[in-house]
1. Output the strands (runs of 3 or more DSSP E) that fall wholly within the range 65-137 and possess 1 or more residues being closer than 22 Å to Asp29 by Cβ, or say none.
2. Can you find even one residue in the range 51-73 that is closer than 30 Å to Leu156 by Cα, touching a His at 6+ places or on another chain (Cβ under 6 Å) and small (Gly, Ala, Ser)?
3. Does Ile58 fit the bill of being farther than 21 Å from Val7 by Cα, surrounded by 14 or more Cβ atoms within 10 Å (Cβ to Cβ) and hydrophobic (A, V, I, L, M, F, W, C)?
4. Return yes or no: is Val140 among the β-branched types (Val, Ile, Thr), at pLDDT 90 or above, under 30 Å from Asn229 (Cα atoms) and surrounded by 15 or more Cβ atoms within 10 Å (Cβ to Cβ)?
5. Exactly one of these conditions fails for Asp29: (1) part of a loop (DSSP other than H, G, I, E, B); (2) in contact with a strand residue (DSSP E or B) (Cβ under 8 Å, 6 or more places away or on another chain). Give me its number.
6. Which one of these does Gly52 not meet: (1) of a type in the set (Gly, Ala, Ser); (2) closer than 19 Å to Pro97 by Cα; (3) over 23 Å from the mean Cα position of the chain (by Cα); (4) not in a strand (DSSP E or B)?
7. Which of the residues that make up the range 164-186 are within 20 Å of the chain's Cα centre (by Cα) and in contact (Cβ under 8 Å) with a residue 60 or more places away in the chain?
Amino acid sequence: SSIKPFVSFYPNWATVFTKESVILTCNVDTSEPIDQIYYWYRDNQILSLYTGAKSVKIDHAKQEHGGSYQCQTAESDKSEPVRLHVSHSWLTLKVPPFVFEGDELYVSCAGYPGYSARYAVLYKNSKVIGSSPSDADFLVGTTNMTMSGLYRCTRLVKDELFSKPVAKVNESHLKQGKVLTVTCDTKLSPHRETTELQFAFYRNGHNVQGFSLSSQYGVPSAQLEDSGNYTCEVQTPTGSVRKRSNMAHIQIQGEHYT
């Protein structure tokens, strides 16, 4: 057969981070409006799960999803392999899977999803060719042979183990005798999700619950003296990293309150 399909990615990057999604499409240039059956391969192994689909979505990519992808139909040759990289790094330079002379070449100096990265700088052969305080995408220019070279990028990454905690109360106005619950919310870095955290709670600056693994402080039957400004603290078991939350105000209303 002389028909040769090609595999395209959406978004059009040859690299995705773990947990990101990518759609692979088998493009066939044929004038015949017949229903095609599509076959997919990764590293020359048929992917029977994808058989029949023109487009397949890889959701929450894992590193084992990386490899060289090909597709074909019953009437076509196998496509050229297109490599998908799955990265678990803090930072990667994303480039299109292929680019042709005359195309506008975009690259992205991308930080891991949910991670704070700023001040992107793009280098070609160790020379700065672009920088941006916030946007990570760069238009390198119209592609020609002089663009060949070694590209890399840097970004300032704030290596935050966990986010600043947020103290939340179940209700800001609570009737006397009701259950009072204060929750301490924080988010661990995606690369340190197994880190154990300890939580402590304060009312008007006075400790009401010492450091423990519980991210909640509860009073089964709230009294007037439980009113006040609540904060929480989160720390690592050694206390090497410790952060305090905002204040959450709660007012306990007496029985006479209407």
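1. Details: elements: 67-73, 82-87, 91-94, 104-111, 117-124, 127-132.
It comes to 67-73, 82-87.
2. Quick first cut of the range 51-73, residues closer than 30 Å to Leu156 by Cα only: 58-67.
Then keep just the ones that are touching a His at 6+ places or on another chain (Cβ under 6 Å); that gives 58, 66.
Narrowing the set further to residues that are small (Gly, Ala, Ser) leaves 66.
Looking for residues that are closer than 30 Å to Leu156 by Cα, touching a His at 6+ places or on another chain (Cβ under 6 Å) and small (Gly, Ala, Ser), one finds at least one in the range 51-73, hence yes.
3. Numbers: farther than 21 Å from Val7 by Cα: no; surrounded by 14 or more Cβ atoms within 10 Å (Cβ to Cβ): yes; hydrophobic (A, V, I, L, M, F, W, C): yes.
So Ile58 does not fit the description; no.
4. Details: among the β-branched types (Val, Ile, Thr): yes; at pLDDT 90 or above: yes; under 30 Å from Asn229 (Cα atoms): no; surrounded by 15 or more Cβ atoms within 10 Å (Cβ to Cβ): yes.
Taking the combined requirement at face value, the residue does not satisfy it.
5. Going through the list (1) part of a loop (DSSP other than H, G, I, E, B); (2) in contact with a strand residue (DSSP E or B) (Cβ under 8 Å, 6 or more places away or on another chain), Asp29 breaks only (2).
6. It fails just one condition, (2).
7. Taking the range 164-186 first, the residues within 20 Å of the chain's Cα centre (by Cα) are 164-165, 185-186.
Passing the criteria: Lys164, Pro165.
The values are calculated or read from the model by the stated rules, or taken from the named source; none is laboratory data. Please read all numbers here as calculations on a predicted model, not as lab measurements. Neighbour counts are summed over all protein chains in view; Cβ atoms, including those assigned to glycine, are modelled from backbone coordinates with ideal geometry.
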